[in-house]
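Asks: Let me give you the structure first, and then I'll get to my questions.
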Amino acid sequence: MMTADKKPLGLYVHIPFCAGKCIYCDFYSFRPGEESKEKYIEKICGDIKKSPYVFDTVYIGGGTPSYIGASALAGIIDCARVTPGAEITVECNPSDTGRKDTPFDFAALRSAGVNRISMGLQSAVDSERKALGRRAGRDEVLRAIERAHSAGIDNISLDLMLGIPSQTPETLRESLEFCVSSGAKHISAYILKIEEGTFLSEHTERYDIPGDDDAADMYLQTSDYLTGAGFVHYEISNFALPGYESRHNLKYWQGKDYLGIGPAAHSMIDGKRFYYERSIEKYLDGCPAVYEGEGNTAEEYLMLSLRLSPGFSLAEYEKKSGIKPGGKFTEKCREFARAGLAEFDGDTLRLNPRGFLVSNSIISSLMNLL
Ligand code: SF4
């Protein structure tokens, strides 16, 4: 077990509370009673204090972390042993943090060490936001960003959704312009996936949802626009100004260790993956995390490295697995390059945005050749 004197790892804390449910969301979240909120905060604080680790990144996600308020969030962060210069991110919903009539204490977050805020914009077009079930409007998002900036937190990440109901290339452009002009340093852009069991999956006929080809064009439009504005497309769905890549999320994709606290949270420690079940009751009862299997395997390296701009290296794969990919594998890599989906220099395969769009089929065809 890695202890305080060993290499620092990432800490993910799940806050499973939301004021309402967005139509597309299948994250583990619900509206809590006051009592369960308090019990939950106490339990996660206890679990963080008990953990023997030191953290160089902390990410409080959800759900809606800002729903529990700035001082509770600061209290949670205080429980963790963090290294100097740790990246500490909190997900904030603009409906908690940007309302005119309700101040949100970003200064308390800053004092607790928070240096990065991730905010759900989804769209800068109010009618699109409303259709998704987002309560705040564009003005609240802007106000929340300004408040965070005034408190000294300048590293803001915005989530953007592509292929959402009624979205067009023109309205997407409006959202992209908003992202860049807001001073955000990082943008996560996800194509809408209709998850089973969500309100959207049961009422698709009510919405004008762009088709797959239109959504793919919007993804390419997003990549072109943001890279043109100086952002680096460093992961399939993530863009950052140079130096503002998410250090915490990179741990997931680079096979590094992290500890997840809370129901539905996942961990990888010393090459082993664990997760807590999606049940706050079980978590509060002290049910332990469930073993999920080996992590950071050579197979995972293939899957995860192709999500990232530096790509997949054959030499690195050989180092991890002891197996040298054969001629058919390298020929396939060349084929992807000839098809305009990637670059391949004989060792490293790097997908471009067109390749990212079909990365699942690229990964499975390469997997079959190993
Ligand atoms: S705010 Fe986020 S976690 Fe909560 S319902 Fe909406 S998408 Fe899901």
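Asks: So which pairs qualify, if the first residue must be in segment 25-38 and over 17 Å from V13 (Cα atoms) and touching a residue at least 12 places away in the same chain (Cβ under 8 Å), the second must be within 9 Å of the ligand (Cβ to nearest atom) and part of a loop (DSSP other than H, G, I, E, B), the Cβ gap must be under 6 Å, and the two must be at least 6 apart or on different chains?
Replies: Close Cβ pairs (under 6 Å, with a partner that is within 9 Å of the ligand (Cβ to nearest atom) and part of a loop (DSSP other than H, G, I, E, B)) do not exist here.
Asks: Does segment 156-163 contain any residue that is within 15 Å of the ligand (Cβ to nearest atom), among the acidic types (D, E) and modelled with pLDDT of 95 or more?
Replies: Checked against the condition, which is being within 15 Å of the ligand (Cβ to nearest atom), among the acidic types (D, E) and modelled with pLDDT of 95 or more, segment 156-163 yields at least one hit.
Asks: Criterion first (within 16 Å of the ligand (Cβ to nearest atom) and closer than 26 Å to Y275 by Cβ) does C22 satisfy it? Explain how you work it out, then say what you get.
Replies: Values: within 16 Å of the ligand (Cβ to nearest atom): yes; closer than 26 Å to Y275 by Cβ: yes.
Yes; evaluated as a whole, the condition is true for this residue.
Each row is one residue, and each column tells you yes or no for (1) among the polar types (S, T, N, Q); (2) within 16 Å of the ligand (Cβ to nearest atom).
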position: N115; (1), (2): yes, no
position: S118; (1), (2): yes, yes
position: L132; (1), (2): no, yes
position: A148; (1), (2): no, no
position: G197; (1), (2): no, yes
position: T204; (1), (2): yes, no
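Yes or no, residue by residue, for (1) in a helix (DSSP H, G or I); (2) within 24 Å of A70 (Cβ to Cβ):
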| residue | (1), (2) |
| --- | --- |
| F104 | no, yes |
| A131 | yes, no |
| E146 | yes, yes |
| I153 | no, yes |
| L160 | no, no |
| V180 | yes, no |
| K193 | no, no |
| L200 | yes, no |
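Asks: T97 - would you say it is of a type in the set (S, T, N, Q), within 15 Å of the ligand (Cβ to nearest atom) and over 24 Å from C287 (Cα atoms)?
Replies: Details: of a type in the set (S, T, N, Q): yes; within 15 Å of the ligand (Cβ to nearest atom): yes; over 24 Å from C287 (Cα atoms): yes.
Taking the combined requirement at face value, the residue satisfies it.
Asks: If I ask for residues that are over 21 Å from K6 (Cβ atoms), assigned to a loop (DSSP other than H, G, I, E, B) and either of a type in the set (S, T, N, Q) or out of contact with any helix residue (DSSP H, G or I) (no Cβ under 9 Å at 6 or more places or on another chain) (or both), which ones from segment 267-286 would you list? Steps first, please.
Replies: Looking only at segment 267-286, we keep the residues that are over 21 Å from K6 (Cβ atoms), and these are 275-286.
If we keep only those that are assigned to a loop (DSSP other than H, G, I, E, B) too, we end up with 276-279, 285-286.
Listed by number, the residues that qualify are R278, S279, D285.
Asks: Looking at segment 17-46, which of its residues are assigned to a strand (DSSP E or B) and crowded, with 17+ Cβ neighbours inside 10 Å? Spell out how you get there, then give the answer.
Replies: Filtering segment 17-46 for residues assigned to a strand (DSSP E or B) gives 17, 30.
Selection gives F17 alone.
Asks: I've got another one for you. Hey, Y244 hits all of (1) surrounded by 14 or more Cβ atoms within 10 Å (Cβ to Cβ); (2) part of a helix (DSSP H, G or I) but one; which does it fall short on?
Replies: Result: Y244 passes all but (2).
Asks: I41: of a type outside the set (K, R) and either touching a residue at least 40 places away in the same chain (Cβ under 8 Å) or more than 15 Å from E281 (Cα to Cα) (or both), yes or no? Explain how you work it out, then say what you get.
Replies: Working: of a type outside the set (K, R): yes; either touching a residue at least 40 places away in the same chain (Cβ under 8 Å) or more than 15 Å from E281 (Cα to Cα) (or both): no.
So I41 does not fit the description; no.
Asks: Checking S127 against (1) away from the ligand (no atom under 13 Å from the Cβ); (2) closer than 28 Å to V358 by Cα; (3) assigned to a helix (DSSP H, G or I), which single condition isn't satisfied?
Replies: Of (1) away from the ligand (no atom under 13 Å from the Cβ); (2) closer than 28 Å to V358 by Cα; (3) assigned to a helix (DSSP H, G or I), only one is false for S127: (2).
Asks: Then there is this: Among what's in segment 47-61 and is surrounded by fewer than 23 Cβ atoms within 10 Å (Cβ to Cβ) and either within 16 Å of the ligand (Cβ to nearest atom) or without any contact (Cβ under 8 Å) to a residue 24 or more places away in the chain (or both), pick the residue that is nearest to Y252 (Cα to Cα).
Replies: So the residue we want is G61.
Asks: Go through segment 310-342 and give me each residue that's surrounded by 13 or more Cβ atoms within 10 Å (Cβ to Cβ) and either in a loop (DSSP other than H, G, I, E, B) or in contact (Cβ under 8 Å) with a residue 60 or more places away in the chain (or both). Talk me through it step by step, then tell me what you get.
Replies: Let us first name the residues in segment 310-342 that are surrounded by 13 or more Cβ atoms within 10 Å (Cβ to Cβ), namely 311-314, 316-318, 320-321, 325, 329-330, 332-337, 341-342.
Within segment 310-342, G311, P325, L341 qualify.
Asks: Among the candidates L220, L172, single out the residue that is surrounded by 22 or more Cβ atoms within 10 Å (Cβ to Cβ), in the same structural domain as A86 (by TED's automatic domain parsing) and assigned to a helix (DSSP H, G or I). Please lay out each step first, then the result.
Replies: Working: L220 fails: surrounded by 22 or more Cβ atoms within 10 Å (Cβ to Cβ).
Result: L172 is the single residue among L220, L172 that is surrounded by 22 or more Cβ atoms within 10 Å (Cβ to Cβ), in the same structural domain as A86 (by TED's automatic domain parsing) and assigned to a helix (DSSP H, G or I).
Asks: Consider S118 carefully, then state whether it is assigned to a helix (DSSP H, G or I) and under 22 Å from L162 (Cβ atoms). So that I can check it myself, show each step before the final result.
Replies: Working: assigned to a helix (DSSP H, G or I): no; under 22 Å from L162 (Cβ atoms): yes.
So S118 fails the test.
Asks: Going residue by residue through segment 67-82, is there one that turns out to be within 15 Å of the ligand (Cβ to nearest atom) and either of a type in the set (A, V, I, L, M, F, W, C) or in the same structural domain as G183 (by TED's automatic domain parsing) (or both)? Show your work before the answer.
Replies: Let us first name the residues in segment 67-82 that are within 15 Å of the ligand (Cβ to nearest atom), namely 67-68.
Next cut, either of a type in the set (A, V, I, L, M, F, W, C) or in the same structural domain as G183 (by TED's automatic domain parsing) (or both) only: 67-68.
Looking for residues that are within 15 Å of the ligand (Cβ to nearest atom) and either of a type in the set (A, V, I, L, M, F, W, C) or in the same structural domain as G183 (by TED's automatic domain parsing) (or both), one finds at least one in segment 67-82, hence yes.
Asks: Go through (1) buried (at least 16 other Cβ atoms within 10 Å of the Cβ); (2) at pLDDT 95 or above; (3) hydrophobic (A, V, I, L, M, F, W, C) one by one and return the number of the condition A229 breaks.
Replies: (1)
Asks: While we're on this one: Restricting to segment 132-159, give me the number of residues that are farther than 22 Å from N238 by Cα and touching a residue at least 24 places away in the same chain (Cβ under 8 Å).
Replies: Total satisfying the criteria: 10.
Asks: Here's something else I'd like to know. Which number in (1) outside any helix (DSSP H, G or I); (2) modelled with pLDDT under 90 marks the one condition that H14 misses?
Replies: Single failed check for H14: (2).
The values are calculated or read from the model by the stated rules, or taken from the named source; none is laboratory data. These numbers come from a predicted model, not from an experiment. When we count neighbours, we look across all protein chains shown, and the Cβ atoms used for this are built from the backbone with ideal geometry, even at glycine.
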